[in-house]
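No value in this document is a laboratory result; all are computed from the given coordinates. It should be emphasised that the depicted structure is a prediction, and the values quoted were computed from it without experimental measurement. Note that each Cβ is placed from the backbone with ideal geometry, even for glycine, and that neighbours are counted across all protein chains shown.
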Amino acid sequence: MRKLKINSMWITLVFVSCMLCLTSCIKDEAGNKECDILNAWVEGDEYAVYFNDKNQMKVSDISSTETNITFVVRSLLSLSKQIPVCFDLTPGATIEPANGSLQDFTNGPVTYTVTSEDGEWTRQYKVAFIEPTLPTFKFSFEHVETSEQTYSGSYYHIFYEEATTGQRQDIWDSGNSGAALTLSYAQPDAFPTSSVEQGYQGKGVCLKTISAGSLGAMMKKPIAAGNLFLGKFIIENVLTDALKTTRFGVPIDREPVRVTGYYKYQPGDKFTDKDMHEVAGRTDEASIYAVFYRNKDSEGKDVYLWGNDVLDLNKLNTHPQVVKVAKMDKLPPTNEWTRFEMFFEGKDADDEELSEKKFNLALVFSSSKDGALFEGAIGSTLYVDEVEISFEK
């Protein structure tokens, strides 16, 4: 009996010791050493407007070797400076800045540090927001020539482009040839549209609203707004139908996404109507807009948009040929070169029709929004430079 009691005591001591050891092992087990980001996403449906597609709001299944996380947004210019990015982390890991905290990504990537559960391991990730890389047309307005002397003894500037092969492309036009009817012995800088040496980079374009003189006043066309557009100015229609002088658009084989560039603008002092009566309380406005439209009708005949139907600046055009429109709702006055950006809104184009160049693109700049109606302020001046049109891939 005594021997059994001793054995029982030893058994009890061994059992207690084992339990203490087991408890100690569980308590002292090392924490998780992993410190990875598994998924990242932008939190909140209100931020969907910054993306072309909601699927782009999340970056999933991030590789364990990847340290750069990139979100593709429509534009950095319009991106909020307070964006919350959330993360799925490996178990027990923590992240700094805090998960879901508001951060500013407009000035470059934000660095996040992930710390493992055991606190011994860290890993840094750079989270960036970028714009998509798209094919572009860039216009720097460096190619300018002076016209031959007009019958009135005046000279004006003509803008053109050069292809990579060096071939001249006369895709730009303005109302300068019409303004020459009322400007005698004037130099290019006296015309509504002229080249300037001090653009945003290199040369730029100056558009200004001027008086059309006594002849213009007599014809109820008292002002001439500076304008530059993709298309053709039809001088023969100046005296009969002014809105039929601007034939907008050039053929295009790709679908536009947005237009960016730089501008400066100051309105003239006194806004007047076509009778040169001052309109109290009204301030002149510049306009920048683009129209993408079908250049063939149902019978295959050529279609052009003109000054009377290209765009109602107060709403999207309802012309049946129009596919997409981009416009600047406001161009605040500024003496500093300021970046502008506008996106095309509308329907998608047919790929086969695009390849056959069944679409035209019009891009229009004007120093007076209602200049085509001969309403505006003499002295209104708009400068533009470094314009870029981005297209679908």
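Apply the Karplus curve 6.51 cos²θ - 1.76 cosθ + 1.60, θ = phi - 60°, to the phi angles in the range 255-270 and return the couplings in whole Hz, x for Gly and Pro.
9, x, 10, 7, 10, 10, x, 10, 9, 9, 8, 9, x, x, 6, 10
Please check: in the Gaussian network model of the chain (C-alpha springs, under 10 Å), which one of 173, 88, 189 has the largest mean-square fluctuation.
In this elastic network of the chain, the residue with the biggest mean-square fluctuation among 173, 88, 189 is 88.
Length gain on complete extension for the stretch residue 280 to residue 55, per 0.36 nm per residue less the alpha carbon to alpha carbon distance?
Gain on extension, residue 280 to residue 55, equals 76.0 nm.
Highest GNM mean-square fluctuation, the chain, Cα pairs closer than 10 Å: which of 138, 221, 301?
Maximum fluctuation in the GNM of the chain, among the listed residues, is at 301.
Expressed in nm to one decimal, what extension gain is obtained for the pair residue 96 and residue 211 from 0.36 nm per residue of sequence separation less their Cα-Cα distance?
Contour length minus Cα-Cα distance gives 35.2 nm.
At a Förster distance of 30 Å, what's the computed FRET efficiency of residue 39 paired with residue 392, Cβ-Cβ distance as r, to 0.05?
Efficiency, from the Cβ-Cβ distance: 0.55.
Which label marks the calculated value of volume of the Cα convex hull per residue in Å³, given the options (i) 212; (ii) 134; (iii) 153?
Given (i) 212; (ii) 134; (iii) 153, the structure-derived one carries the label (i).
Counting helices only, and only those DSSP H runs with n ≥ 4, report the 222 nm mean residue ellipticity of the chain as the sum of -39,500 (n - 2.57) divided by its residues, in deg cm²/dmol to the nearest 500.
For the chain, the value works out to -3000 deg cm²/dmol.
If I model a spin label at residue 144 and residue 350 as a point 7 Å from the Cα along the Cα→Cβ vector, what separation in nanometres do I get?
Calculated label separation equals 4.3 nm.
Go through 358-371, 175-188, 104-117 and give me the packing order, highest mean Cβ count within 10 Å leading.
Numbers: 358-371: 24.7, 175-188: 20.0, 104-117: 15.9.
Result, highest mean first: 358-371, 175-188, 104-117.
Expected output is a single nm value to one decimal: the length gained when fully extending between residue 77 and residue 299, i.e. 0.36 nm times separation in residues minus the C-alpha distance. What is it?
Length gained between residue 77 and residue 299: 75.7 nm.
Sorted by mean Cβ packing within 10 Å, highest first, what order do the peptides 56-66, 380-390 take?
380-390, 56-66
Take the alpha-carbon centre of the range 224-271, take the same for the range 43-76, and report the distance between them in whole Å.
About 38 Å separates the Cα centre of the range 224-271 from the one of the range 43-76.
What net charge do the residues around residue 51 carry, taking every other residue with its C-beta under 12 Å from that of residue 51, with Lys and Arg at +1 and Asp and Glu at -1?
Overall, the nearby charge balance is -1.
On a 0 to 90 degree scale, rounded to 10, what angle separates helix 2-28 from the longest Cα axis of the chain?
Compared with the principal axis, the helix lies near 10 degrees.
Hey, got the Cα dimensions of the range 180-300 along the principal axes, in Å, largest first?
43, 40, 35
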